[in-house]
1. Do we find that LYS64 is within 28 Å of SER123 (Cα to Cα), free of Cβ contacts under 8 Å to residues at least 12 places away in the same chain and among the basic types (Lys, Arg) in this structure?
2. Could you please find all residues in the stretch 107-119 being in a helix (DSSP H, G or I) and open to solvent by less than 80 Å² (accessible area, probe 1.4 Å)?
3. Scan the stretch 74-106 for residues that are surrounded by fewer than 16 Cβ atoms within 10 Å (Cβ to Cβ) and closer than 12 Å to ASN30 by Cα and jot them down.
4. Considering only residues of the stretch 1-44 that are charged (D, E, K, R) and surrounded by 15 or more Cβ atoms within 10 Å (Cβ to Cβ), which is nearest to GLY116 (Cα to Cα)?
5. Could you name every one of the strands (runs of 3 or more DSSP E) located completely within the stretch 4-62 that has at least 3 residues being farther than 20 Å from GLU88 by Cβ?
6. Does any residue of the stretch 89-105 turn out to be within 21 Å of SER122 (Cα to Cα) and assigned to a helix (DSSP H, G or I)?
7. Of the residues SER56, SER122, SER70, which single one is under 12 Å from CYS21 (Cβ atoms) and surrounded by fewer than 18 Cβ atoms within 10 Å (Cβ to Cβ)?
8. For the stretch 65-123, what are the residues that are farther than 14 Å from PHE36 by Cα, over 13 Å from the mean Cα position of the chain (by Cα) and among the small types (Gly, Ala, Ser)?
Amino acid sequence: VQLQACGGGLVQAGASLRLSCAASGRTFSNNVMGWFRQAPGKEREFVAAINWSGGSTDYADSVKGRFTISRDNAKNTVYLKMNSLKPEDTAVYYCAAGGLGAIATYAGRYGYWGQGTQVTVSS
């Protein structure tokens, strides 16, 4: 089972990026999917999550209104569209697959993790 995240890069403040996370080895179409991030010297933090159907989402306050999580179950892929990026968004972004129930913001509720993709926002 593998979660492959990609789409990170170096951008200027105000720019946009779209991260993708493709799952292989099994389907996660019934699982909650989430994005977390970890900046240097800081703990991993919740960014966004989406339920199995895409009908329910949750976001960290710091990204509400700027980031959008979505999923394509036919492609076993989850996305994170990031607009109006700020230098404080700089971090390694990780996708994760959780359980079958409600959205969780706690990292411990996610059993599968991708390798991370670096997002760097310059001022």
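1. On the way: within 28 Å of SER123 (Cα to Cα): yes; free of Cβ contacts under 8 Å to residues at least 12 places away in the same chain: yes; among the basic types (Lys, Arg): yes.
Answer is yes for this residue.
2. So in the stretch 107-119, the residues in a helix (DSSP H, G or I) come out as 107-109.
Passing the criteria: ALA107, GLY108.
3. Matches in the stretch 74-106: ALA74, GLY99, LEU100, GLY101, ALA102.
4. Of all residues in the stretch 1-44, those charged (D, E, K, R) come to 18, 26, 37, 42-44.
When the remaining residues are screened for being surrounded by 15 or more Cβ atoms within 10 Å (Cβ to Cβ), the result is 37, 44.
Working: ARG37: 8, ARG44: 11 Å.
Once the filter is applied, the top-ranked residue is ARG37.
5. Numbers: elements: 9-12, 17-24, 33-38, 45-50, 57-59.
The qualifying strands (runs of 3 or more DSSP E) are 17-24.
6. In the first step, residues of the stretch 89-105 are kept if they are within 21 Å of SER122 (Cα to Cα); the result is 89-94.
With assigned to a helix (DSSP H, G or I) added as a condition, the list becomes 89.
There is at least one residue in the stretch 89-105 that is within 21 Å of SER122 (Cα to Cα) and assigned to a helix (DSSP H, G or I).
7. Working: SER56 fails: under 12 Å from CYS21 (Cβ atoms); SER122 fails: under 12 Å from CYS21 (Cβ atoms).
Checking each option against the conditions leaves just SER70.
8. GLY65, ALA74, SER84, GLY99, GLY101, ALA102, SER122, SER123
The values are calculated or read from the model by the stated rules, or taken from the named source; none is laboratory data. Keep in mind that what you see is a predicted model, and the values were worked out from it rather than measured. Counting neighbours? That spans all protein chains shown, and the Cβs are built from the backbone with ideal geometry, glycine included. These area figures cover heavy atoms from the full protein model, side chains too; ligands, DNA and RNA do not enter into them. Shrake-Rupley method; radii C 1.70, N 1.55, O 1.52, S 1.80 Å.
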